[in-house]
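J.: Before I ask anything, here is the structure I am working with.
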Amino acid sequence: MHDVNNGLWDFALRLYKAPDVADACLALQERNGVDVPVLLFAAWLKQGSIALSPAKAEQIIALVSAWREEVVAPLRTIRQRMKNGPKPGPDKNTEMLRDAVKAAELSAERIEFIELETAGFALATISDDTNRSADENLSLIVRYYHGSTLDSDARRSIAVVEKALAGL
């Protein structure tokens, strides 16, 4: 059973800091539209042997999709845009603002993690009478965002996260 004392936020930070995981997650985000907090939540459930079904995955994603689209994604877009401009940036003055936007983006993601940990965990643990394996959690999430077929890049990125997860 899942150790609920091992909070999702702390787990996500440890997994994300593992070798190559950040790059794999960002690749899945950029190429496949994956919401990284949802992916890390699926990994957290996998670690606790809690399998997601397609229906549960869809419900969990729906819990946070408006927050992601209306708060997290716009902050990310602003932060990324400020990396190369617009004028007068980038310079040391605009870098302070970019750092503040980055901190706001991280705070917004932390709120998403809190929502996933509470409502998502409760939802994920409700039995839906499927005999799914938790080993499918990450692929299921990526397929939800990307479509039914995973390309070799997506499979490689998932493998990186799963290897790091096995080492936690």
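J.: Give me the net charge for the shell around A166: Cβ to Cβ below 14 angstrom, other residues only, Lys and Arg +1, Asp and Glu -1. Please report the intermediate quantities before stating the final value.
T.: Values: positive: R14, K46, K163; negative: D20, D135, E162.
Its environment carries a net charge of 0.
J.: Choose one of G167, A104, G147: the residue whose Cα lies farthest towards the positive end of the charge dipole of the chain (beta-carbon charges +1 Lys, Arg; -1 Asp, Glu; about the Cα centre).
T.: A104
J.: For Kirkwood radius over Cα pairs in Å, pick the label among (i) 16.1; (ii) 18.3; (iii) 16.6 that corresponds to the value derived from the coordinates.
T.: (iii)
J.: Taking the Cα centre of each part, how many Å lie between the range 7-62 and the range 88-133?
T.: First find each Cα centre; the distance between them is then 11 Å.
J.: Can you list the DSSP H helices in the chain whose Cα atoms extend at least 15 Å along the helix axis and whose mean Kyte-Doolittle hydropathy is 0.0 or higher? Please report the intermediate quantities before stating the final value.
T.: On the way: long enough: 21-32 (16 Å, 0.10); 36-47 (16 Å, 1.36); 54-67 (21 Å, 0.71); 92-115 (35 Å, -0.42); 152-166 (21 Å, 0.16).
What comes out of the filter, once short or polar helices are dropped, is 21-32, 36-47, 54-67, 152-166.
J.: Under 17 Å between alpha carbons, and skipping anything fewer than 8 positions from K163 in its own chain: which aspartates and glutamates qualify?
T.: K163 reaches D20, D23, D135, E136, D153.
J.: Under 20 Å Cα to Cα from K102, which lysines show up? Leave out anything in the same chain fewer than 8 places away.
T.: Cross-link targets: K17, K83, K87, K92.
J.: What is the dipole size for the range 61-168, taken about its Cα centre, with +1 at each Lys and Arg Cβ and -1 at each Asp and Glu Cβ, in debye to the nearest 20? Could you put the intermediate results ahead of the total?
T.: Working: 15 positive and 17 negative charges, 135 e Å.
That gives a dipole near 660 debye.
J.: Rounded to a whole number of µm²/s, how large is the Stokes-Einstein D of the range 88-168 at 10 °C and 1.306 mPa s, given Rh as the Kirkwood radius over C-alpha pairs? Each step should come with its number before you reach the end.
T.: Details: Rh = 16.2 Å.
Here the translational diffusion coefficient equals 98 µm²/s.
J.: Moving to a separate point now. So which GluC sites (Glu not before Pro) in the range 95-164 are both in a DSSP loop and have at most 15 other Cβ atoms within 10 Å of their Cβ?
T.: none
No lab work stands behind these numbers, since they all come straight from the coordinates. Quick caveat: nothing in here was measured; it's all calculated off a predicted structure. Don't worry about glycine lacking a Cβ; one is built from the backbone with ideal geometry, like all the others, and counts go over all protein chains shown.
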